[in-house]
Amino acid sequence: MPADPAIEHAVARVRSESAAVEEAMPRLIRIICEMLWWNCGDHWDGNRAAKLLR
């Protein structure tokens, strides 16, 4: 699947505006999720021993 030019542009813009990866990563995740209509901000916790995913 070819990359979406709008996503590539947004990622490049955030990378150029950010001083550190720690600053850029949350913004990149949010932008990519929004552009792909994905839910963002959920946290899943897996417990292999109990075979649970919360």
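Quick notes on this structure:
- For segment 1-40, a residue qualifies if it is loosely packed, with under 10 Cβ neighbours inside 10 Å and in contact with a helix residue (DSSP H, G or I) (Cβ under 8 Å, 6 or more places away or on another chain), and exactly one does: Asn39.
- Filtered residues of segment 10-49 (kept if of a type in the set (D, E, K, R) and not in a loop (DSSP other than H, G, I, E, B)): Arg13, Arg15, Glu17, Glu22, Glu23, Arg27, Arg30, Glu34
FYI, it's all coordinate maths here, none of it is from the lab. Note that this is a predicted model, so its numbers are computed, not measured. A quick note on method: Cβ atoms are made from the backbone with ideal geometry, for glycine too, and the neighbour counts reach across all protein chains shown.
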